[in-house]
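Written below as structure tokens is the structure these notes are about.
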Amino acid sequence: MRDLTIDDRPMKPAMLLGFRRLCPKCGEGHLFDGYLKVVDECPVCAEEMYHHRADDGPAYLTILIVGHLLAILIHFVWQWYRPEPMVMATIFGVFAVALSLFLLPRLKGLVVAIQWSRRMNGFDKGV
């Protein structure tokens, strides 16, 4: 049995790799097979990923980030420029959708990487 007092899975590098949609163990294999489907195992190092439980966490984080950014931007754009409401709604609607589509897979990779790093939800095999 390994000594778990030594942190052999540091969280920060794993989170950065997960955000880049790469395997948190080796950093070379792709974490996703498609847009949001996590691979069953890493194609490079064969680390099992099928037992992750990202569930709704990435969606909540995406809403939190996009919502806060939009609230600030809408406030300042309205105060400085006073654009027509339909123009503003169209521009910020497109921005919100684009930013959400960009962030969602990256935040899911981040959540899976945190779970891997902390040995949560079945990532503790081989201990």
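Every number in this text was worked out from the coordinates using simple rules, so none of it is lab data. The structure presented is a predicted model; accordingly, all values stated were derived computationally and were not measured. Cβ coordinates were reconstructed from backbone atoms using ideal geometry, including for glycine residues, and neighbour counts include every protein chain displayed.
Only one entry in Lys37, Lys12 is farther than 21 Å from Gly122 by Cβ, under 17 Å from the mean Cα position of the chain (by Cα), of a type in the set (Lys, Arg) and exposed (fewer than 15 other Cβ atoms within 10 Å of the Cβ), namely Lys12. In this structure, is Ile114 within 30 Å of Glu41 (Cβ to Cβ) and either touching a strand residue (DSSP E or B) at 6+ places or on another chain (Cβ under 6 Å) or among the aliphatic types (A, V, I, L, M) (or both)? So Ile114 passes the test.
Condition first: among the aliphatic types (A, V, I, L, M), more than 21 Å from the chain's Cα centre (by Cα) and farther than 22 Å from Gly18 by Cα. Can you find one or more residues in the range 93-101 that meet it?
Step one: list which residues in the range 93-101 are among the aliphatic types (A, V, I, L, M), which gives 94, 96-99, 101.
So of that shortlist, the ones also more than 21 Å from the chain's Cα centre (by Cα) come out as none.
No, every residue in the range 93-101 fails to be among the aliphatic types (A, V, I, L, M), more than 21 Å from the chain's Cα centre (by Cα) and farther than 22 Å from Gly18 by Cα.
Quick check on the range 40-62: of everything there that is in contact with a helix residue (DSSP H, G or I) (Cβ under 8 Å, 6 or more places away or on another chain) and not hydrophobic (A, V, I, L, M, F, W, C), which residue is farthest from Met120 (Cα to Cα)? Looking at the filtered set, the residue picked out is Thr62. Before we move on, is Thr62 hydroxyl-bearing (Ser, Thr, Tyr) and within 13 Å of the chain's Cα centre (by Cα)? Yes; evaluated as a whole, the condition is true for this residue. Applying the criterion of being part of a helix (DSSP H, G or I), aromatic (Phe, Trp, Tyr) and in contact (Cβ under 8 Å) with a residue 24 or more places away in the chain to the residues of the range 89-127, the residue that is surrounded by the most Cβ atoms within 10 Å (Cβ to Cβ) is Trp116.
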